[in-house]
Amino acid sequence: MIAHLQGKLVEKTPTEVVIDCGGVGYHVNISLHTYSLIPKTDFIKLYTHLQIKEDAHTLFGFVEKSEREIFKMLLSVSGIGASIARTMLSSLDPKQIINAIASGDVVTIQTIKGIGSKTAQRVILDLKEKVLKLYDLDEVSMSQSNTNKDEALSALEVLGFVRKTSEKIIEKIVKEDPEATVETIIKKALKNL
């Protein structure tokens, strides 16, 4: 119904803004990602999503159209409401969410407050095909780095290291060097354990 709002920025906090459009102030909920992208000018434009419930009409605003599309996709997943979708976009940037879904990275999605392992798996199950098609991603390269991560993790477990600690270190290594081989990941992890 309301595709975007363009007007004078009246109030701004990390979670919401008020935009004056022709004398009417619209209260718009935003993510931290959008907050970081809002220009320093008084005049702004946000792409919006209007959620209508029995007890409220709530506007969500996004600087980028792509973030709004991800928000809508997340809402299509059973168990993900607007507040969790907004938390996801506040915790991770849209690219990280897309990559996590495309590569089936349950651990990254689970790091978001309010998302357990079942919900994380449902997000991946429901959205993986959509994400791969929509963003034209190559599943093979995505799952390759994931396989390297998993192999390195199980190798460290066999060596007697605690899984949780190893996971955190491996995550960090793979973020810094997504093309790292299993051997490289294990060697770097051993230096940090």
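Between the DSSP loop rule and a limit of at most 15 other Cβ atoms within 10 Å, which GluC sites (Glu not before Pro) in the range 1-85 are left? Don't jump to the answer; show the numbers that get you there.
Values: sites: Glu11, Glu16, Glu54, Glu64, Glu67, Glu69; in loops: Glu54, Glu64.
When the GluC sites (Glu not before Pro) of the range 1-85 are filtered for loop state and at most 15 Cβ neighbours within 10 Å, Glu54, Glu64 remain.
Under 15 Å Cα-Cα from Lys172, which aspartates and glutamates qualify once same-chain neighbours fewer than 8 residues away are excluded?
Qualifying aspartates and glutamates at Cα under 15 Å: Asp105, Asp150.
Would you please put 30-37, 148-155 in order of how densely packed they are, using the mean number of other Cβ atoms within 10 angstrom per residue and starting with the highest? Intermediate results must be reported in sequence, preceding the final value.
Details: 30-37: 20.0, 148-155: 18.5.
Packing proxy ranking, top to bottom: 30-37, 148-155.
What FRET efficiency do you get for Ser76 and Tyr35 if R0 is 30 Å and r is their Cβ-Cβ distance, rounded to the nearest 0.05?
Working: r = 24 Å, r/R0 = 0.81.
FRET efficiency, Ser76 to Tyr35: 0.80.
Once Rh for the range 78-188 is found with the Kirkwood sum over Cα pairs, what is the Stokes-Einstein diffusion coefficient at 25 °C and 0.890 mPa s, in µm²/s? Let's see the in-between values first.
On the way: Rh = 14.7 Å.
The calculation lands on 167 µm²/s.
In square angstrom, what is the accessible area per residue of the chain with a 1.4 angstrom probe?
Working: 11050 Å² over 193 residues.
With all protein chains present, the chain gives 57 Å² per residue.
In 5 Å bins starting at zero, report the fraction of Cα pairs in the chain per bin as a rounded %.
1, 7, 15, 16, 15, 14, 10, 8, 6, 4, 2, 1, 0, 0
Please tell me which of these pairs span more than 23 angstrom C-alpha to C-alpha: Lys45/Lys113; Lys72/Lys95; Lys168/Lys191?
Working: Lys45/Lys113 29 Å; Lys72/Lys95 15 Å; Lys168/Lys191 14 Å.
From Lys45/Lys113; Lys72/Lys95; Lys168/Lys191, over 23 Å: Lys45/Lys113.
What nm distance separates the two modelled labels at Arg163 and Thr181, each placed 7 Å from Cα along Cα→Cβ?
The two pseudo-label positions are separated by 2.8 nm.
In whole Å, what are the extents of the range 34-88 along the principal axes defined by its C-alpha atoms, from largest to smallest?
Principal axes ranked by extent give 37, 22, 16 Å for the Cα atoms.
Counting only complete DSSP H runs, which helices of the chain cover 27 Å or more along their long axis at the Cα atoms and score a mean Kyte-Doolittle of -1.0 or above?
Values: long enough: 139-158 (28 Å, -0.54).
Helices meeting the span and hydropathy rule in the chain are 139-158.
Test of the criteria: in the range 22-127, which trypsin sites (Lys or Arg not before Pro) are in a DSSP loop and have at most 14 other Cβ atoms within 10 angstrom of their Cβ? Walk me through the numbers on the way to the answer.
Values: sites: Lys40, Lys45, Lys53, Lys65, Arg68, Lys72, Arg86, Lys95, Lys113, Lys118, Arg122; in loops: Lys40, Lys53, Lys113.
When the trypsin sites (Lys or Arg not before Pro) of the range 22-127 are filtered for loop state and at most 14 Cβ neighbours within 10 Å, Lys40, Lys53, Lys113 remain.
To the nearest 20 Debye, how big is the dipole of the range 41-123 about its Cα centre, given +1 on the beta carbon of each Lys and Arg and -1 on that of each Asp and Glu? Before the final figure, lay out the partial values.
On the way: 10 positive and 8 negative charges, 35 e Å.
Approximately 160 debye in magnitude.
Can you figure out the FRET efficiency of Lys130 with Lys191, using R₀ = 35 Å and their beta-carbon distance, to the nearest 0.05? Working shown, then result.
Numbers: r = 39 Å, r/R0 = 1.11.
Using R0 = 35 Å, I get an efficiency of 0.35.
The values are calculated or read from the model by the stated rules, or taken from the named source; none is laboratory data. Note that the structure is predicted; figures quoted are calculated from it, not measured. In this analysis, Cβ positions are derived from the backbone assuming ideal geometry, glycine residues included, and neighbour counts consider all displayed protein chains. To get the accessible areas, we keep the full protein, side chains included, count just its heavy atoms, and leave off ligands, DNA and RNA. Shrake-Rupley method; radii C 1.70, N 1.55, O 1.52, S 1.80 Å.
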